[in-house]
1. Can I get the semi-axes of the protein assembly as shown's equivalent ellipsoid? Compute them from the C-alpha gyration tensor as square roots of 5 times the eigenvalues, in angstrom, largest first.
2. Measure out, as a whole number of angstrom, how far apart the alpha-carbon centroids of the stretch A:34-88 and the stretch B:8-28 sit.
3. Please list B:99-110, A:59-70 highest first by mean number of surrounding beta-carbon atoms within 10 Å per residue.
4. Report the label-to-label distance for residue A:14 and residue B:58 in nanometres (one decimal), using points 7 Å from each Cα along the Cα→Cβ vector.
5. Express in nm, to one decimal, how much length is gained between residue A:66 and residue A:51 on full extension, taking 0.36 nm for each residue of separation and deducting their alpha carbon distance.
6. Rounded, prolate or oblate: pick one for the stretch B:44-86, where a ≥ b ≥ c are the square roots of the eigenvalues of its C-alpha gyration tensor, a/c under 1.5 means rounded, and failing that, prolate if a/b is larger than b/c, else oblate.
7. Please give the length that would be gained between residue B:40 and residue B:27 if that part of the chain were fully extended, namely 0.36 nm times their separation in residues minus their C-alpha to C-alpha distance (nm, one decimal).
8. Have a look at the DSSP beta bridges in the protein assembly as shown and tell me what percent are antiparallel, nearest 5.
């Protein structure tokens, strides 16, 4: 089956620093990747949609200058949290859609636990 | 945009009983409705899905029903087992397939 990896799985950083999270589709090409944020005991909140070779589309209320997304290839998207603050601490999950025609399914990465101190 | 509501937020059942989780959606253009199971600290896993041209789909102990007119869909788990304990999320997908809107989640606890 389709596999999506994320790196790192956990990261602790100091307030004011930047953190980059990678999302890779390992055995398929992903034209579209999605970035979600999940707070404890809450649902997944879509942050942005990342399309290969074009600018990401951000959801309302998500600061694009703070959460930089780059989708440089069909297998890699990155999320950079810039000037991180403690309130950015969360579980970040990416997902990827395949390129097969008519494919609806999203494949989720294992998530990255970000803690900002 | 789409608005997905999910109920109940928590559900406790005895092992062997059935569990039902319900979701409603607002956008009539949504035409794909997946259900995910998420264990603590892990990624969501797709357990079953249904497209809008189908009213019901079953996979062993799990079934999903869809009422397009009423804009609601439900997850049914029969003969529940302790390993079914997890958080379940429903989602509705926009017609252009580019956005998944998730429900708020249901924490299912199956008591042995």
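1. 30, 21, 16
2. So the separation of the two Cα centres works out to 30 Å.
3. Working: B:99-110: 20.4, A:59-70: 13.8.
Ranking the peptides B:99-110, A:59-70 by packing returns B:99-110, A:59-70.
4. Modelled inter-label distance: 6.1 nm.
5. Details: separation 15, 0.36 × 15 = 5.40 nm, distance 1.84 nm.
Net length gain for the segment: 3.6 nm.
6. Working: a/c = 2.23, a/b = 2.10, b/c = 1.06.
Verdict is prolate for the stretch B:44-86.
7. Values: separation 13, 0.36 × 13 = 4.68 nm, distance 3.01 nm.
Between residue B:40 and residue B:27, full extension yields 1.7 nm more.
8. Counting only bridges with both partners in the protein assembly as shown, antiparallel ones make up about 90 percent.
Read-outs throughout are calculated quantities, based only on the coordinates presented, and are distinct from any laboratory measurement. Fair warning: this is a prediction, and the values are worked out from it, not measured in the lab. Here Cβ is always computed from backbone atoms with ideal geometry, including for glycine, and neighbour counts include all displayed protein chains.
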